[in-house]
Amino acid sequence: MPNKSLTLVDNHFQLAPRDAQLDRDLESTDEEQQSMNKVLTTVNEDLLNRNRELSALNSELMRTREIATQGQAYADAIVSTVRCSLVVLDRELRVLRANPSFYKEFGLIPEVTEGRFLRDLGARQWDLPELLARLEKVLGPDGGLVDHEVVVPASATTARRIFRIDAHKIPGDADRAELILLSIEDVTERRTRADALQLASRRKDEFLAMLAHELRNPLTPITHAVHLLQRESFGGSPEVLYAMIGRQSQRLVRLVDDLLDLARINRGHIELRNSLVNLTTVVQDAAESARVRMDERRHEMKISVPFSPVCVDGDAARLEQIVSNLLDNAAKYTNLGGRIEVNLTEQAGQAVLSVRDNGIGLATDDLEHIFELFDQVDRSLSRSGGGLGIGLTLVRRVLQLHRGTVEARSAGLGHGTEFIVRLPISEREKPKAQKPGNGANSALPARRRNVLIVDDHVDAVETMQMLAQHWGHDVSIAHSGPEAIAAVETFHPEIALIDIGLPGISGYEVARALRTRHPEMLLVAMTGHGRDEDRKAAYVAGFDAHLVKPLDLEELQVLMSEGRASQSQYS
């Protein structure tokens with residue numbers, strides 16, 4: 001469009017050229033407006049970008065907050081399921097927070113716990129100056145508290161307890177002060193078990209030392225006697241030494257038997273051969289067996305039993321073992337020349353046996369734990385009576401199998417001891433008195449038999465050969481399984497005494513081979529293993545009888561003479 005303008009001339013409008021300056025101003029304004037529009041567009045785009053960035057940042061903050069919330073929930077879940085007690089304390093040892101285990105362990109609730117001082121909680125069991133002083137140092141340069149044990153004494157409502165304390169600093173920042181995380185673990189049961197194990201270990205060591213002592217006691221005179229018997233210059237009586245060797249050997253056998261019996265009872269593997277038992281006879285037999293021990297220590301022993309039978313249901317051998325152990329205990333703990341009284345009565349449907357001595361006596365604290373395994377009143381090796389501390393334990397365990405009881409009484413140290421045994425009287429009819437002299441071994445058949453003895457222990461097999469020959473039998477010996485099988489084909493034995501632990505092949509394998517070829521032969525197992533499973537294994541292998549070393553010579557003589565085994569061998 002031409003750069004013109006309308007002009008009024010003589011009352012008429014005429015086109016006139018525009019002012020050049022105005023045009024330039026308009027053009028400048030237009031350019032400025034366009035420039036401003038560009039600026040506004042740029043600002044708007046920048047604002048849009050900032051909005052997008054703020055939106056992204058807000059989303060990130062929301063995600064961070066969600067993660068923090070999840071992390072807090074995760075941490076709370078962990079803290080809530082931790083079995084030990086956790087407590088958060090401030091610098092003044094006020095409780096800020098605790099986990100559920102703490103509240104459950106000490107019977108508290110948050111309402112009466114949070115905000116209170118640790119020392120004021122509950123029955124003030126944490127008002128322990130040493131512990132509080134150590135906790136106040138946790139936020140200092142010395143650092144945390146690790147494995148600190150605290151013993152909380154027993155109260156009217158709670159027992160004595162032992163706690164393990166750990167405390168660590170929770171770092172603070174500009175918005176939060178430093179805190180203390182306290183961990184409390186009840187280790188009472190653990191410490192009790194540890195103390196029990198330590199006590200058991202100490203008793204085991206004492207037992208092993210006493211076992212060595214008890215084994216050497218009978219072995220020493222046996223060794224001396226053998227040495228004297230080997231000397232041609234010995235001018236004394238061999239019979240005296242033989243009798244002494246027999247007594248000491250029996251003492252060793254009894255020691256081993258007591259150990260094995262106790263192990264069987266503890267495993268529940270002991271079997272009682274119950275019958276109607278006259279305790280009067282049992283007491284008399286046990287007293288007679290103990291007479292030698294009493295004479296050795298110059299004790300006076302007085303026995304008082306009723307004329308009429310006092311009958312109970314039980315295993316006669318085990319009941320005699322009870323009486324023997326009580327007499328042996330009385331002899332050991334009564335000084336030389338002491339007095340021992342044995343009294344059997346029948347009271348209110350019970351058989352009551354009393355064994356009283358005027359020996360060293362018992363302190364009040366010893367009256368109950370004297371029946372614990374390996375416990376002794378005097379553990380010093382200087383006491384010649386010694387003992388393994390298993391006799392009274394065995395007495396109690398065997399009596400429990402018979403529905404009986406035992407208790408110890410004493411007026412104190414130096415005033416003697418009395419052991420009282422109670423057993424229920426049998427309701428069965430009492431047996432009639434038997435005439436003496438009807439023992440199974442009173443008149444053995446004199447038939448001569450071929451006996452094969454198989455053992456890799458040279459001394460054992462040679463002494464067994466001498467015994468069998470002394471009883472009138474023909475004997476052949478073998479030291480291994482193959483030798484035994486070969487000897488059978490040439491010697492044709494009626495009886496084979498076979499050790500289980502043989503070199504090459506075991507006694508079980510020998511028995512299986514011989515049972516197949518010679519079913520009529522009497523096979524007798526000889527072994528140091530006397531468990532029920534050992535007896536059953538021997539029976540399965542084909543043995544007719546199972547004898548535990550050292551062998552019962554009377555039983556062995558009966559087997560050889562009769563040529564057959566009792567039906568009760570494995571009952």
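We did not get these values from a lab; they are worked out from the coordinates using the rules stated. What you see is a predicted model; the values in this text were computed from it and never measured. Backbone-built Cβ (ideal geometry, glycine too); neighbour counts: all protein chains shown.
Each peptide in 91-102, 473-484 gets a packing score, the mean of other Cβ atoms within 10 Å over its residues, and the list from highest to lowest is 473-484, 91-102.
For the pair region 504-523 and region 87-116, the centres of their Cα atoms are 76 angstrom apart.
In terms of packing, defined here as the mean over residues of other Cβ atoms within 10 angstrom, the peptides 189-200, 357-368 line up highest first as 357-368, 189-200. When each of Thr113, Thr41 is scored by the number of other beta-carbon atoms lying within 10 Å, the sequence from fewest to most is Thr41, Thr113. Taking the centroid of alpha carbons for each part, region 51-66 and region 320-343 are 92 Å apart. 3J(HN,Hα) couplings calculated from phi for region 51-63 with the Karplus curve 6.51 cos²θ - 1.76 cosθ + 1.60 (θ = phi - 60°) are, in sequence order, 4, 4, 5, 4, 5, 5, 5, 5, 5, 5, 5, 5, 5 Hz; Gly and Pro show x. Considering only DSSP beta bridges whose two residues both sit in region 273-424, what percent are antiparallel, to the nearest 5? Within region 273-424, antiparallel bridges account for around 85 percent of the total.
Here the gap between Arg273 and Gln198, fully extended at 0.36 nm per residue and compared with their Cα-Cα distance, gives a gain of 23.2 nm. Calculation over all alpha carbon pairs of region 82-186 in 10 angstrom steps from 0 returns a P(r) of 14, 51, 30, 4, 0 percent. With contacts taken as Cα pairs under 8 Å at a separation of at least 6 residues, region 450-562 carries a relative contact order of 22 percent. Within the shell of other residues whose beta carbon sits under 10 angstrom from the beta carbon of Ala468, the net charge comes to 0, with Lys and Arg scored +1 and Asp and Glu -1. Within the shell defined by Cβ-Cβ distances under 9 Å, the residues around Gly391 carry a net charge of -1, with Lys and Arg each +1 and Asp and Glu each -1.
Residues whose amide H lies under 5 Å from that of Asn99, counting only those 5 or more places away or on a different chain, are Leu86; hydrogens are built 1.01 Å from N in the peptide plane.
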